[in-house]
1. Does the stretch 23-38 include one or more residues that are of a type in the set (A, V, I, L, M), within 16 Å of the ligand (Cβ to nearest atom) and more than 20 Å from Leu79 (Cβ to Cβ)?
2. Quick check on this structure: which one of Ile85, Ile143, Ile131 is within 17 Å of Leu45 (Cα to Cα), away from the ligand (no atom under 16 Å from the Cβ) and among the β-branched types (Val, Ile, Thr)?
3. When you scan the stretch 106-165, how many residues do you find that are basic (Lys, Arg), part of a helix (DSSP H, G or I) and without any contact (Cβ under 8 Å) to a residue 40 or more places away in the chain?
4. Could you check Ala96 against (1) away from the ligand (no atom under 16 Å from the Cβ); (2) free of Cβ contacts under 8 Å to residues at least 40 places away in the same chain; (3) closer than 20 Å to Val164 by Cβ and say which number it fails?
5. Restricting the search to the stretch 39-64, which residues are outside any loop (DSSP other than H, G, I, E, B), within 16 Å of the ligand (Cβ to nearest atom) and not hydrophobic (A, V, I, L, M, F, W, C)?
6. As an exercise: evaluate Asn78 against (1) in a strand (DSSP E or B); (2) surrounded by fewer than 19 Cβ atoms within 10 Å (Cβ to Cβ); (3) not hydroxyl-bearing (Ser, Thr, Tyr) and give the number of the one condition it does not meet.
7. Report yes if some residue within the stretch 65-73 is surrounded by fewer than 16 Cβ atoms within 10 Å (Cβ to Cβ) and either within 12 Å of the ligand (Cβ to nearest atom) or touching a residue at least 40 places away in the same chain (Cβ under 8 Å) (or both); otherwise report no.
Amino acid sequence: MDHAFDDLLAHNREFSANFDLQGFDGVAKSGVAMVTCMDSRIDPLGMIGLVPGDAKILRNPGGRATERTLVALVLGANLLGVDRILLVQHTRCAMASKSERELLADISSAAGHDASWLDLGAIEHQELAIIEDVHRVRSHPLIGDRARVGGFLYDVDTGLMRQVA
Ligand SMILES: [Zn+2]
């Protein structure tokens, strides 16, 4: 093994020495699940006043309600105490700033290999995508009746989250 992760493992040993997150189960204590983007500017728990143990956080490029995300929300809503679901996209998202074709060209050039076969899921219109995803979750037969679903746009410059759907 190389030493690529040594600094992180050193921090983990410190973390473990002061570990105080034991003693609770995998249920979302606040009943919240949030689907949001992988963007590093987003602090999903902090931005809605929650802490570890409170919520299920599901992240992917753009913060979309993908097939696997829906599976996670089914598990959350039926087995893990989730009764409120937030779908959160954000301003200045890379997935919404360029077209699918442009993003694939960027990836191809960065990777040095053709990426045009990839299904990236670039977002053409964020508010429409949020509305569409909210509908997708609400109309899911194993989620719809069990959780309230809201769609939001988070502003990475102000930290404010606005409900869209
Ligand atoms: Zn993003």
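1. yes
2. On the way: Ile143 fails: within 17 Å of Leu45 (Cα to Cα); Ile131 fails: within 17 Å of Leu45 (Cα to Cα).
That would be Ile85, the only listed residue that is within 17 Å of Leu45 (Cα to Cα), away from the ligand (no atom under 16 Å from the Cβ) and among the β-branched types (Val, Ile, Thr).
3. Initial filter on the stretch 106-165 (basic (Lys, Arg)): 136, 138, 146, 148, 162.
Now restrict to residues that are part of a helix (DSSP H, G or I): 136, 138.
After this cut, where a residue has to be without any contact (Cβ under 8 Å) to a residue 40 or more places away in the chain as well, the list is 138.
Count: 1.
4. Every listed condition holds for Ala96 apart from (1).
5. Arg59, Asn60
6. (1)
7. no
None of the figures in this text is laboratory data; all of them are computed from the coordinates on show. All values derive from a computational prediction rather than experimental measurement. Neighbour counts run over all protein chains shown; Cβ positions are idealised from the backbone, glycine included.
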